[in-house]
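Written below as structure tokens is the structure these notes are about.
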Amino acid sequence: MRIDTHVHLSTASCPPPPGMPAPPFVSAEALLGMIDRYSIDGAVLSPVAPGVFFGDPADIGKRARLVNEEVAQAVRAHPNRFAGLMLLPLPDLHSALAELAYGFDVLGLDGVLLMTNYKGTYVGDPSWAPLYAELDRRGAYVFVHPTMPGNGQALEHPPWLYEFPFDTTRAVTNLIYSGVAEDYPNIRWQIAHCGGTAPFLADRIGSLSERAPKLAERAPAGAVEYLSRFYYDTGLANNEYAYRGTRLVVPADRLVFGTDWPNCPLPEEGSDPAPDLGFLDDAERAALDANAAVLVPRLAAQIAADRESGLR
């Protein structure tokens, strides 16, 4: 069973922010065509980044609700092909908690999409403790996706080239050293793009406990241990460099397949969306395909039921 944990669905309620180019428009029908084309059983729908976090703050909650309704509509239409993630109108904590309850209890969505930062406030910020507590209580699946860094862009290269992976590393490190990873162990975190640069920097990140131990008191198990507990998708990282580097830090059961389509072009020939993972042995390939069931058990169960009944 192969589930793509990292694809983006375009929604009419989520236009690009001022000054940013419009991403490719991807409908639910286009996503169905893509996963059929590449023999993928299902996909986890994330709204197009950077989400709704721009413009008038008073409108963020309204936009998040509209986007979540659109994602839920796509999932309801194809419940055996799609799982859906909701946006939260952060940094407004009260509104975020209300939308979280609505997304899970009314819309029946499968998880939450959090950006790495919201106007410079990074995932892991202590002021959001009530949100982490509710996510932990629900055992929620949370996908952390990068956006523009909170301190701006130093060079004029496109932000996806390295700023996005660097911002992922900031968020992951903050989750660890803020104590969130320790205090809320029931949250199932998926980190985009094989963790940005966090696996490569694992030893350096972990060195804080020796070099500045007061700053590492909220992470008693050690940074590398917390890194090994997150899930990491292979979106825009379906290559040997990224995979093997991540596997040095995390066990095989913490890697999940992803494409990051349409941001990542897929091969024009053949039915394998990730031919550069051809080096994987049978056990690692099987694990990569199976692990998403932990994050989206409803979708995985429906795919399995379809197979048993001969519908696939």
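The values are calculated or read from the model by the stated rules, or taken from the named source; none is laboratory data. Since this is a predicted model, take the numbers as computed values, not measurements. Note that we place each Cβ from the backbone using ideal geometry, even for glycine, and neighbour counts take in every protein chain shown. Note: areas computed on protein heavy atoms with side chains; ligands, DNA, RNA excluded. Shrake-Rupley method; radii C 1.70, N 1.55, O 1.52, S 1.80 Å.
Rounded to the nearest 0.05, the FRET efficiency derived from the C-beta distance between Ala133 and Val294 at R0 = 25 Å is 0.70.
May I ask you to derive the FRET efficiency for Asp105 and Leu161 from their Cβ-Cβ distance with R0 = 35 Å, giving the value to the nearest 0.05?
Numbers: r = 40 Å, r/R0 = 1.13.
Once the sixth-power term is evaluated, E becomes 0.35.
In a reduced charge model with +1 at each Lys and Arg Cβ and -1 at each Asp and Glu Cβ, the chain shows a dipole moment near 520 debye about its Cα centre. Would you mind telling me which residue in Leu295, Leu113, Leu155 has the biggest mean-square fluctuation in a Gaussian network model of the chain, where springs connect alpha carbons within a distance under 10 angstrom? Looking only at Leu295, Leu113, Leu155, the biggest GNM fluctuation is shown by Leu155.
Equivalent-ellipsoid semi-axes (√(5λ), Cα gyration tensor) for the range 265-309, whole Å, largest first?
Details: eigenvalues 111, 42, 22 Å².
Calculated on Cα positions only, the semi-axes equal 24, 15, 10 Å.
Among beta bridges from DSSP that stay inside the chain, the antiparallel ones total about 10%.
Each Lys and Arg adds +1 at its Cβ and each Asp and Glu adds -1 at its Cβ; summed about the Cα centre, the range 143-254 shows a dipole of about 160 debye. Only helical runs count toward this figure. For the chain, summing -39,500 (n - 2.57) over DSSP H runs of n ≥ 4 and dividing by all residues gives -11000 deg cm²/dmol at 222 nm.
Given 0.36 nm per residue, what is the gain on full extension from Ser309 to Glu29 after removing their alpha carbon distance, in nm?
Details: separation 280, 0.36 × 280 = 100.80 nm, distance 2.41 nm.
Fully extending the segment from Ser309 to Glu29 adds 98.4 nm.
The mean accessible area for residues of the range 104-157, using a 1.4 Å probe and ignoring ligands and nucleic acids, is 40 Å² per residue.
Across the range 168-273, the volume of the C-alpha convex hull divided among the residues equals 98 Å³ per residue. Look at the dipole of the chain built from charges on Cβ: of Phe25, Gly195, Ile40, the Cα furthest out on the positive end belongs to Gly195. Taking one quarter of the surface of the convex hull spanned by the alpha-carbon atoms of the range 222-312 gives a direction-averaged projected area of 7.3 nm².
Surface composition of the chain: carbon and sulfur make up 56 percent of the accessible area, probe 1.4 Å.
Phe279 sits with roughly 50 Å² accessible to a 1.4 Å probe, with DNA, RNA and ligands left out of the calculation. If you sort Trp128, Trp261, Trp160 by accessible surface, 1.4 Å probe, largest first, the order is Trp160, Trp261, Trp128.
Would you kindly give the portion of the calculated P(r) for the chain that falls above 26 Å, as a percent of all Cα pairs?
Details: 20723 of 48516 pairs.
Across the chain, Cα pairs with separations above 26 Å total 43 percent.
Rg over Rh for the range 50-193 works out to 0.96, both radii taken from alpha-carbon positions and Rh defined as the Kirkwood radius. If you run the Gaussian network model on the chain, springs between alpha carbon atoms under 10 Å, then out of Gly150, Gly270, Gly120 the most flexible one is Gly270.
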